[in-house]
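For reference, the structure is listed below as structure tokens.
The values are calculated or read from the model by the stated rules, or taken from the named source; none is laboratory data. It should be emphasised that the depicted structure is a prediction, and the values quoted were computed from it without experimental measurement. Cβ sites come from the backbone with ideal geometry, for glycine too, and all protein chains shown count toward neighbours. Accessible surface areas use protein heavy atoms only, side chains included; no ligands, DNA or RNA. Shrake-Rupley method; radii C 1.70, N 1.55, O 1.52, S 1.80 Å.
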Amino acid sequence: MKKWLSLFVVALFVLVLSACTATKDAGEKPVTNTGNEGEEKETAAEPETEKVLKLNNGNEPTSFDPSVGFDAVSWNALNNLMEGLVRLSKDHVAEPATAEKIDVSEDGLTYTFTIRDDAKWSNGEPVLASDFVYGWLHMLNPETASPAAFLAYFIDGAEAYNSGEGAAEDVAIKALEEKVFEVKLNTPTEAFLNIITNPSFFPVNEKVATENATWYTEADTFVGNGPFKLAAWEHDVSFTFEKNENYWDADTVELDKVEWAMVDDSNTEYQMYETGELDVSGVPSELADQLMDSPELKNEDQAGLYFYRFNVSQEPFTNKKIRQAFGIAVDQQEIVEFVTKNGEKPAEGFVPYGFVGPDGKEFRETAGKLVEFDAEKAKTLLAEGMAEEGYTELPEVTLTYSTSDTHKKIAEALQSKFKEVLGVDVTLQNVEASVFATEQKEFKYQLSRSSFLFDYADPVNALESFITGSSMNRTTWSNAEFDKLIADIKKETDEVKRWQMLIQADALLMDEMPIFPVHYYNQVTLEKPTVSGIVRHPVGYMDLKWAKIE
């Protein structure tokens with residue numbers, strides 16, 4: 001698994017980077033000059049320039065509660081406002097961060113973290129082991145309904161507590177001392193340190209949170225322990241970071257401020273980049289051809305994929321063959337070439353490229369092409385599925401997507417293809433992003449867009465999303481064979497056997513097709529030449545700790 005941790009592809013869709021703007025007079029020193037008669041004369045020093053990075057977050061963060069903000073519009077900000085026991089290095093390896101020392105028992109089940117003496121919250125209070133206990137139990141509390149809770153199930157007692165069958169005191173995490181935090185796992189997990197770089201495992205200031213349950217909703221009350229602090233937040237408009245002078249490694253942080261806009265239109269974002277209002281921009285699809293050779297363009301892979309979910313409880317997608325018909329009526333190659341036009345790879349299965357097995361081969365190459373455009377087969381499957389259900393006419397189909405010009409273009413391409421290949425008229429429904437996320441989790445949509453970004457470097461991270469009852473499933477699909485396969489994968493210690501089981505799970509998911517994949521993610525951004533040092537992790541989140549601006 002360590003092999004996977006270093007071999008992954010790079011991270012997260014819209015956001016980032018910098019430019020110098022506002023100036024301030026603080027820190028001026030008088031400069032002496034010799035006049036005609038030899039006396040010294042004071043001349044004013046040039047004012048220092050604030051180092052301000054201007055980024056776009058796309059939308060309002062879902063939440064700055066690290067247990068709840070489990071999505072792209074929350075992660076990038078949270079990863080710079082807060083910090084866990086470990087942090088991904090510039091080379092994408094989990095290394096000590098808030099913890100300065102990590103001890104692991106011989107059996108690989110017990111981890112003991114010693115927290116730095118100089119680890120502080122942005123309000124100046126010390127970060128304590130009890131803050132990690134509080135934060136992790138908050139994530140696992142069933143009442144929190146954290147979509148990230150499943151990531152902690154490798155901790156002894158965590159799944160039972162989160163499912164309502166166990167008690168908080170039975171979760172095997174504890175503060176041995178003020179600055180010593182212990183975790184006991186139910187099975188050795190080689191990816192453990194990588195997993196806990198996820199914002200869901202950040203600490204929460206227990207004192208602040210118990211006094212104010214909504215501490216994370218406004219800049220005035222937010223308390224973090226990362227490289228930056230939340231200085232301002234005008235909801236649905238913008239938010240601003242300032243350097244956190246209480247961060248244990250503050251000397252490394254060079255930026256004074258990060259100003260985040262919230263613009264969900266790629267053309268507007270690009271215009272803001274051109275006028276200097278942003279230092280980083282995505283590439284609008286209609287300009288992709290002319291901008292792909294720009295010296296300011298960066299094209300990096302990202303560990304994740306864009307896909308669509310069927311609600312298998314709603315007709316006509318209760319029928320497997322009808323789901324398959326819609327899935328292979330999609331021409332993924334056509335979408336990446338003529339719709340998104342950002343150099344993405346068409347998706348051929350659920351697990352993307354970037355995972356190398358014990359045989360030294362790519363997962364995707366071994367697993368093969370499981371989903372491929374086939375118009376004639378799609379027509380046949382649709383006819384067979386309709387016959388099985390006794391349909392003389394297919395029930396109406398509504399495709400739902402969240403507000404974004406890119407989502408709209410892909411939805412329109414799918415609508416056109418379903419009509420061309422299957423002869424099916426599909427209705428499009430556009431829903432505002434925050435409402436969309438809530439209603440999709442409530443299974444209100446028949447066919448809806450989605451995306452997955454890896455939380456840690458292991459194929460099971462994506463595949464386990466579709467076990468029965470997972471908060472990440474959102475399809476109502478349930479398959480006992482798949483559930484058992486995922487459970488066995490988590491227990492298997494033979495790397496070769498485990499790899500084959502992962503490939504089998506990917507194939508089963510694509511055969512049952514509660515979802516169909518569209519493309520694997522990459523990140524194409526335009527970045528001003530004055531910006532450097534922004535780290536985009538293969539599996540992880542944008543890191544501004546080392547960012548610089550001239």
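Considering only DSSP beta bridges where both residues belong to the chain, give the percentage that are antiparallel (nearest 5). Counting only bridges with both partners in the chain, antiparallel ones make up about 85 percent. Coupling constants for the stretch 233-246 follow from the phi torsions by the Karplus curve (6.51 cos²θ - 1.76 cosθ + 1.60, θ = phi - 60°), and in residue order they are 7, 9, 3, 6, 10, 6, 8, 10, 9, 10, 4, 8, 5, 8 Hz; glycine and proline get x.
Working note: Karplus 6.51/-1.76/1.60 with θ = phi - 60° gives the stretch 210-225 the couplings 6, 7, 8, 5, 10, 4, 8, 8, 9, 4, 5, 10, 6, 10, x, 9 Hz, where Gly and Pro are set to x. The portion of the accessible surface of the chain made up by carbon and sulfur, rounded to a whole percent, is 46 (1.4 Å probe; DNA, RNA and ligands excluded). For the residue pairs 341/419; 377/417; 321/345; 321/409, the alpha carbons lie more than 18 Å apart in 341/419; 321/345; 321/409. Take residue 536: with every protein chain present and a 1.4 Å probe, its accessible area is about 20 Å².
List the relative contact order of the stretch 295-452 as a percent without decimals, with contacts defined as Cα pairs under 8 Å and 6+ residues apart. Could you put the intermediate results ahead of the total?
Details: 218 pairs, mean separation 50.4, N = 158.
For the stretch 295-452, the relative contact order is 32 percent.
For the chain, a crude dipole built from +1 on the beta carbon of Lys and Arg and -1 on the beta carbon of Asp and Glu, taken about the Cα centre, is about 1260 debye to the nearest 20.
Among the listed pairs 54/120; 54/545; 243/548, a Cα-Cα separation exceeding 19 Å is found for 54/120. Taking the charge dipole of the stretch 330-424 about its Cα centre, with +1 at Lys and Arg Cβ atoms and -1 at Asp and Glu Cβ atoms, the residue from 371, 357, 340 reaching farthest to the positive side is 340.
Applying Stokes-Einstein at 37 °C and 0.692 mPa s to the Kirkwood radius of the stretch 203-275, computed over alpha-carbon pairs, gives a translational diffusion coefficient of 233 µm² s⁻¹. Rounded to the nearest 20, the size of the Cβ-charge dipole of the stretch 391-548 about its Cα centre is 640 debye, with Lys and Arg at +1 and Asp and Glu at -1.
Recomputing P(r) over Cα pairs in 10 Å bins from 0, in percent from the coordinates shown identifies the correct label among [x] 4, 19, 30, 27, 14, 5, 1, 0; [y] 3, 15, 21, 21, 16, 11, 7, 4, 1, 0, 0; [z] 3, 17, 27, 26, 17, 6, 2, 1, 1, 0, 0 as [z]. Measuring nothing but how far apart in sequence close Cα pairs (under 8 Å, 6+ apart) lie, relative to its length, the stretch 149-232 scores a relative contact order of 17 percent.
The alpha-carbon of residue 484 sits under 16 angstrom from the alpha-carbons of these lysines, leaving out residues fewer than 8 places away in its chain: 497.
Here's the picture: charge each Lys and Arg Cβ at +1 and each Asp and Glu Cβ at -1 in the stretch 462-550, and of 499, 516, 540 the one pushed furthest to the positive end of that dipole is 540. Less than 5 angstrom separates the built amide H of residue 345 from those of 520, all sequence-distant by 5 or more or on a different chain.
The mean sequence separation of alpha-carbon pairs under 8 Å and at least six residues apart, normalised by the residue count of the stretch 509-548, gives a relative contact order of 28 percent.
Ligands, DNA and RNA are left out, and with a 1.4 angstrom probe the accessible area of the stretch 160-308 is 43 Å² per residue.
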